[in-house]
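Have a look at the structure below, then the notes.
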Amino acid sequence: MLIGELLSNTAARLPDKAAIVMGGFSQTYAELDRAANQFAQALLREGMGKGHNIAIYSLNQPNYASIYFGTARSGALLAHLSTRFSSDELRHVIVGTDIEAIFVGARLAEMLVEIGDDLPGLKRIVVIGGDAPSGTESLSDFIGDAPSAPPNVDLSDDDAFAITYTGGTTGFPKGVVASHQSRVIGCQRAAREFGILEDDVFCCSTPLFHIAGLFVWFQTGILIGNTLVLMPNWDADEFMYLVEEEGVTASFMIPTQIKGIISHPNFSADRLKGWRYGNFGGAPMPVAQMENMLDVLPDVIWVEQYGQSESGNLTVRPPEFCRAKMASAGRAFQDLEMAIFDADDNPLPPGEIGELVTRGTHVMIGYYKNPEQTAETINGDGWIKTGDVGYIDADGFLFLVDRSKDLIISGGENIYPSEIENVLYRHAAVQECAVFGIPDEYWGELPAAHIVLEAGQKAGEDELMEFCIERLARHKRPRMIKFVEELPKTAVGKIQKNIIREQYWAGTERTI
């Protein structure tokens, strides 16, 4: 199956059902299908089909859907640019991905125009969802009188169709090239095992430029035939309104979004009584937070998922295991190959810690124009190295210990930051925390923590240090605790420890 067929199949089955809703806008599946065809036809008319790279740079909005499916039908390669890219990152990925045209949200157009002189390969800037400033054109002008008939393009399911970018937790983001089949199989698995119903009204509250928001959830909703309610920016009070007044029944969120709902001053379980289903992932969920959300929202069906840009979604933890396997990221999809390897690429038995690997049609084609890093990530047998450290128990459930790059080696001892973070999250005053290694002449490195306190709460460094000593081996306690207003994050909410670490490792002979 091709990506474009996910939409056309549902449009044939449910033509008059609302597919995309945002504010006062509503678009049926039949209308979305025609709009996607028109966009594909316009690309082909302008000579931007197979062999050409274009990009979308926008918050969640209705045009995102037609551009996504239309590009997939045209044979062009669509790069999804993060709205949180710095200007340097934006220049880097546009030039490095050979992008010829960008379809940009109106609020971001001026930034793109400002750096236009640094983008010699960029031929067109097309504005979506608003007025087009000088030097750009509108989406309506670009489409013009393009026909709404399906385009006649020779496509194969192993053709590349999209690029998303790694979260940028280390260095510049890398472009992850995905094929039709890799992303189709991902949403087919999700539809089969996540527990979403056709009648669900699904809230897209995470960015569509990210793999979880787009390939896992947006696509899955289209495959199932959900009505998809788009949120351009996350707002906990707005989400509660959408559940209470607009009939939203299901969602995918990152842990910080769920915490934002529960801790919101206007929160009440009664307001959210229509919220049937909550899936979460994209970043680690502290056990203490999970216990809290299960207690205050017991009627929500909670399902955890885990995956990454390079391999798509890999695991699911069904709701019946929420408490029994609370620290687990779930078990592999029924038809997915996943294992734990040692440093020599040998499989490890259940319970032993190593690097998580997977292989199959769901993995990326590779990093765009980066064969060296692709070869480092995918071995000769097709196993893709996730960079995540963990173990699989005897029941097949995955337990992630940490990211391999975040490992702290202190005096030859491996210390996993997530273990310390899980302890800190149990303290009532801690809202968010990040544990990382700082240089030490004797030990090599020592654990340190940046902490954001809950509003109205107080805690001192000595108090939190003692809290850790009571619950951890003494050598694992953070040797430094710094209180901060906020932690740097990627677009999907992952804490960027590399940015925090930079200030401590600057000028040293090595960095982490």
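The values are calculated or read from the model by the stated rules, or taken from the named source; none is laboratory data. What you are looking at is a predicted structure, and each value in this text was computed from that prediction instead of being measured. Note that we place each Cβ from the backbone using ideal geometry, even for glycine, and neighbour counts take in every protein chain shown.
Laid out as a table, the results:
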quantity: Hits in segment 243-275 - residues which are under 22 Å from the mean Cα position of the chain (by Cα) and either exposed (fewer than 15 other Cβ atoms within 10 Å of the Cβ) or not in a loop (DSSP other than H, G, I, E, B) (or both); calculated: Ala250, Ser251, Phe252, Met253, Pro255, Thr256, Gln257, Ile258, Lys259, Gly260, Ile261, Ile262
quantity: Segment 258-287, residues that are under 20 Å from Glu486 (Cα atoms) and touching a residue at least 24 places away in the same chain (Cβ under 8 Å); calculated: Ile258, Lys259, Gly260, Ile261, Ile262, Ser263, His264, Gly282, Ala283, Pro284, Met285, Pro286
quantity: Qualifying residue in segment 133-151 (condition: polar (S, T, N, Q), without any contact (Cβ under 8 Å) to a residue 12 or more places away in the chain and farther than 20 Å from Ser58 by Cβ); calculated: no
quantity: Residues satisfying the stated conditions in segment 12-22, i.e. of a type in the set (A, V, I, L, M, F, W, C) and surrounded by fewer than 23 Cβ atoms within 10 Å (Cβ to Cβ); calculated: Ala12, Leu14, Ala18, Val21, Met22
quantity: Inter-residue pairs, beta-carbon under 9 Å, first in contact (Cβ under 8 Å) with a residue 40 or more places away in the chain and not assigned by TED's automatic domain parsing to the domain that holds Leu487 and in segment 232-257, second of a type in the set (Asp, Glu) and not in a loop (DSSP other than H, G, I, E, B), 6+ apart; calculated: Thr256/Glu432
quantity: Yes/no for Thr206 being under 15 Å from the mean Cα position of the chain (by Cα), buried (at least 19 other Cβ atoms within 10 Å of the Cβ), at pLDDT below 95 and of a type in the set (Ser, Thr, Tyr); calculated: yes
quantity: Filtered residue count, segment 461-501, keeping only those that are touching a strand residue (DSSP E or B) at 6+ places or on another chain (Cβ under 8 Å), surrounded by fewer than 18 Cβ atoms within 10 Å (Cβ to Cβ) and within 22 Å of Ile409 (Cβ to Cβ); calculated: 6
quantity: Index of the failed condition, Asp344 passing every other in (1) of a type in the set (D, E, K, R); (2) touching a residue at least 12 places away in the same chain (Cβ under 8 Å); (3) loosely packed, with under 14 Cβ neighbours inside 10 Å; calculated: (2)
quantity: Lys458 more than 30 Å from Ala339 (Cβ to Cβ) and surrounded by fewer than 16 Cβ atoms within 10 Å (Cβ to Cβ); calculated: yes
quantity: Lone unmet requirement of (1) within 29 Å of Glu486 (Cβ to Cβ); (2) touching a Gly at 6+ places or on another chain (Cβ under 7 Å) for Val201; calculated: (1)
quantity: Positions within segment 350-381 being within 21 Å of the chain's Cα centre (by Cα) and assigned to a loop (DSSP other than H, G, I, E, B), in sequence order; calculated: Gly360, Thr361, His362, Val363, Met364, Ile365, Tyr368
quantity: Failed item in (1) within 16 Å of the chain's Cα centre (by Cα); (2) under 24 Å from Val423 (Cα atoms), with Gly312 passing the rest; calculated: (2)
quantity: Conditions (1) buried (at least 24 other Cβ atoms within 10 Å of the Cβ); (2) aromatic (Phe, Trp, Tyr); (3) without any contact (Cβ under 8 Å) to a residue 40 or more places away in the chain; number of the one not met by Phe25; calculated: (1)
quantity: Any chance Leu230 is closer than 30 Å to Arg403 by Cα and either modelled with pLDDT under 95 or under 17 Å from the mean Cα position of the chain (by Cα) (or both); calculated: no
quantity: Selection from segment 420-454 of residues that are modelled with pLDDT under 90 and touching a strand residue (DSSP E or B) at 6+ places or on another chain (Cβ under 8 Å); calculated: Pro439, Asp440, Trp443, Gly444, Glu445
quantity: All positions within segment 382-437 that are assigned to a loop (DSSP other than H, G, I, E, B), in contact (Cβ under 8 Å) with a residue 60 or more places away in the chain, at negative phi and outside the structural domain of Lys482 (by TED's automatic domain parsing); calculated: Asp393, Asp395
quantity: Residue count for segment 276-294, restricted to those that are among the hydrophobic types (A, V, I, L, M, F, W, C), at pLDDT 90 or above and either under 17 Å from Val229 (Cβ atoms) or not in a helix (DSSP H, G or I) (or both); calculated: 1
